[in-house]
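Please treat every number below as a calculation from the coordinates, not as lab data. Everything quoted here is computed from the prediction, not taken from an experiment. Virtual Cβ from ideal backbone geometry, glycine too; neighbours counted across all protein chains shown.
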Amino acid sequence: MNIGFLASHNGSNMQAIVDACKAKLLDGVPAAVVSNNADSRVLARAREEAIPSYHLSSRTHPEPEELDQAIADVMKMHAVDVVVLAGYAKKLGPKTIANYDGRILNIHPALLPKFAGKGMYGMGVHEAVIASGDVESGVSIHLVDAEYDTGRIVAQSRVIVKRTDTPQTLAKRVLEREHAFVPEVLQRIATGEIELPLQ
Ligand code: GRF
């Protein structure tokens, strides 16, 4: 299973997936990394791992259609089977979504359908979870459509919210869970236990 990544910032989830492939816990090949951010840590990580990497953004492609086409071309060129949005701060274009319909996964650091939509990214998610008084949060892996956080849920993992948690301590616990859970779910996809597109 060739895995393509779209990521904007740190890329710790990309790294966890790459490490799982190297440890043979995941039957996958990290095939390409695309970032909209030329100076991102995720691109540096990709270079360190010798994974083909690309900066594609409105700076390289001012026309949204051209950017969408360029992203779709990279994924096709590297025979990507599944696209993982690993902290990708941009919406996808129709071409990429159509080419990979039902095979684009996003990682959301809370239990969807709660804590989705506007402002629900980064620390904002964990602030909202703590403000809600919920006693559990977690990780959702879901299919990507043209909107944010609205595609079908593929898998979820629960994380306890402690009474003493701050958004920062909860964020750390959820991110650690992501690093274990995302490769696990990808392996279930690689073995066919989870079949994409979902029926
Ligand atoms: C993660 O919290 C993920 O849930 C969200 O963006 C963050 C990415 O972190 N979509 P990293 O770049 O993988 O470290």
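Kindly provide the GluC sites (Glu not before Pro) of region 97-199 that DSSP labels as loop, not H, G, I, E or B, and whose Cβ sees at most 15 other Cβ atoms within 10 Å. All intermediate terms of the calculation are to be shown ahead of the outcome.
On the way: sites: Glu127, Glu136, Glu147, Glu176, Glu178, Glu184, Glu193, Glu195; in loops: Glu147, Glu193, Glu195.
Those satisfying the criteria are Glu147, Glu193, Glu195.
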*asked:* Using each residue's phi in region 168-177, evaluate 6.51 cos²θ - 1.76 cosθ + 1.60 at θ = phi - 60° and report the 3J(HN,Hα) Karplus result to the nearest Hz, with x for Gly and Pro.
replied: 5, 5, 5, 4, 5, 5, 5, 4, 4, 5
*Quick one: which residues, 5+ away or cross-chain, put their amide H under 5 Å from the amide H of Asn2? H built at 1.01 Å from N.*
Val29, Asp81, Val82
*Karplus couplings for region 61-76 from phi (6.51 cos²θ - 1.76 cosθ + 1.60, θ = phi - 60°), rounded to Hz, Gly and Pro as x?*
9, x, 8, x, 5, 5, 5, 4, 4, 5, 5, 4, 5, 4, 4, 5
*Using a simple charge model, +1 on the beta-carbon of Lys and Arg, -1 on the beta-carbon of Asp and Glu, nothing else, what dipole does region 80-181 show about its Cα centre, in debye to the nearest 20?*
100
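If you put +1 on each Lys and Arg Cβ and -1 on each Asp and Glu Cβ, how big is the dipole of the chain around its Cα centre, in Debye rounded to 20?
Details: 21 positive and 24 negative charges, 99 e Å.
That gives a dipole near 480 debye.
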_From the C-alpha gyration tensor of region 51-135, square roots of 5λ in Å_ = 30, 14, 11
_lysines with Cα under 28 Å of Lys76, excluding same-chain neighbours fewer than 8 positions away_ = Lys22, Lys24, Lys90, Lys91, Lys95
*Give the long-range amide H neighbours of Val33: residues separated by 5 or more places, or on another chain, with amide H under 5 Å away, using H modelled in the peptide plane at 1.01 Å from N.*
Phe5, Ser53, Tyr54
*Spin-label point model (7 Å from Cα, Cβ direction): what's the Ala38 to Lys91 distance in nm?*
2.6
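Quick check on the chain: of the DSSP beta bridges with both residues there, what percent are antiparallel, nearest 5%?
Percentage antiparallel, nearest 5: 40.
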*Name the residue farthest towards the positive end of the dipole of region 111-199 from the options Gly133, Met123, Leu111, assuming +1 on Cβ of Lys and Arg, -1 on Cβ of Asp and Glu, about the Cα centre.*
Gly133
*Would you list which aspartates and glutamates come within 18 Å of Lys172, measuring only between C-alpha atoms, while excluding same-chain residues fewer than 8 positions from it?*
Glu127, Asp134, Glu136
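For the chain, what is the mean residue ellipticity at 222 nm derived from helices alone (per DSSP H run of n ≥ 4: -39500 (n - 2.57); sum divided by total residues; nearest 500 deg cm²/dmol)?
Numbers: 6 runs with 73 residues, N = 199.
Rounded to the nearest 500, the figure is -11500 deg cm²/dmol.
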*asked:* Multiplying the sequence separation of Glu184 and Thr169 by 0.36 nm and subtracting their Cα-Cα distance, what value in nm do you get?
replied: 3.1 nm
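For the chain, what's the relative contact order in percent, using C-alpha pairs closer than 8 Å and at least 6 residues apart?
Working: 369 pairs, mean separation 42.3, N = 199.
Answer for the chain is 21 percent.
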*Specify which residue in the list Ala72, Met14, Ala31 is farthest towards the positive end of the charge dipole of region 1-128, using unit charges on the beta carbon of Lys, Arg (+1) and Asp, Glu (-1), about the Cα centre.*
Met14
*Taking R0 as 41 Å, what's the FRET efficiency between His9 and Gln199 from their Cβ-Cβ distance, rounded to 0.05?*
0.75
*So how far apart, in nm, are the two label points at Glu63 and Lys114 if each is 7 Å from Cα heading toward Cβ?*
4.6
*Over the Cα atoms of the chain, Rg to Rh with Kirkwood Rh, two decimal places?*
0.95
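Going by average Cβ neighbours within 10 Å, how do the peptides 71-79, 13-21 rank, with the highest at the top?
Details: 71-79: 18.4, 13-21: 21.2.
Ranking, from highest mean packing down: 13-21, 71-79.
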*asked:* Just to confirm the filter: which trypsin sites (Lys or Arg not before Pro) across region 90-127 are DSSP coil and have at most 10 other Cβ within 10 angstrom of their Cβ?
replied: Lys118
*Which ³J(HN,Hα) values in Hz, rounded to whole numbers, follow from the phi angles of region 100-109 under the Karplus curve 6.51 cos²θ - 1.76 cosθ + 1.60, where θ = phi - 60° and Gly and Pro get x?*
10, 3, x, 10, 10, 10, 10, 9, 10, x
